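This report refers to the structure that appears directly beneath it.
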Amino acid sequence: RRVQQTYELEPAGSRGCWGLDDYQMLPFLFGAAQLVKHGLIKPKSIHNPDFVDMFSKDFMYFGCVEYVLSVKKGPISETSPMLNDISAVGRWQKVKNGMLKMYEGEVLSKFPITQHLGFGSIFQWKA
């Protein structure tokens, strides 16, 4: 984030392999996992600016949403359609599972990305 802000970098595109609405996917995945057992905060809470502000320091997902809101101007439904769609999911467990599947499909299963990982006898690449 700091590099993006310092150099005013534009995201590569909405379907970038590391992206979720133009931004890093892993912090959203980790943030959703952090909220799986939380009984009060729901995925739809990202639409409430007070919730985002209140929880952004304690929960990674809300910190990510706060960053997206600070960089993009307008309602989240228009600026971040994927985040908006995800917010309609009822439980964090489903959000986490869906993001994990998306990460596997969009990042780990793409050879142009995984070709740069170190493979050896323990962690082998089978093409």
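The figures follow:
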read-out	value
Number of the condition not met by Phe62 [criteria: (1) open to solvent by less than 30 Å² (accessible area, probe 1.4 Å); (2) in contact (Cβ under 8 Å) with a residue 40 or more places away in the chain]	(2)
Among (1) surrounded by 17 or more Cβ atoms within 10 Å (Cβ to Cβ); (2) under 9 Å from the mean Cα position of the chain (by Cα); (3) at pLDDT below 95 - the single one Leu69 does not satisfy	(2)
Top-ranked residue of the range 1-31 - restricted to ones that are of a type in the set (Ser, Thr, Tyr) and in a loop (DSSP other than H, G, I, E, B), ranked as modelled with the highest pLDDT	Tyr7
Enumeration of residues in the range 66-82 that are in a helix (DSSP H, G or I) and out of contact with any helix residue (DSSP H, G or I) (no Cβ under 6 Å at 6 or more places or on another chain)	Tyr67, Val68, Leu69, Ser70, Val71, Glu78, Thr79, Pro81, Met82
Qualifying residue in the range 50-59 (condition: of a type in the set (Gly, Ala, Ser) and at pLDDT 90 or above)	yes
Residue, farthest from His47 (Cα to Cα), within the range 83-127, restricted to residues that are of a type in the set (Val, Ile, Thr) and either part of a loop (DSSP other than H, G, I, E, B) or at pLDDT 85 or above (or both)	Ile122
Hits in the range 28-71 - residues which are of a type in the set (Phe, Trp, Tyr) and in contact with a Cys (Cβ under 8 Å, 6 or more places away or on another chain)	Phe28
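The values are calculated or read from the model by the stated rules, or taken from the named source; none is laboratory data. Bear in mind that the values here come from a model prediction, so they are computed numbers and not experimental data. With ideal geometry, Cβ positions are generated from the backbone for all residues, glycine too; neighbour counts draw on all protein chains shown. With ligands, DNA and RNA removed, areas are computed over all heavy atoms of the protein, side chains included. Shrake-Rupley method; radii C 1.70, N 1.55, O 1.52, S 1.80 Å.
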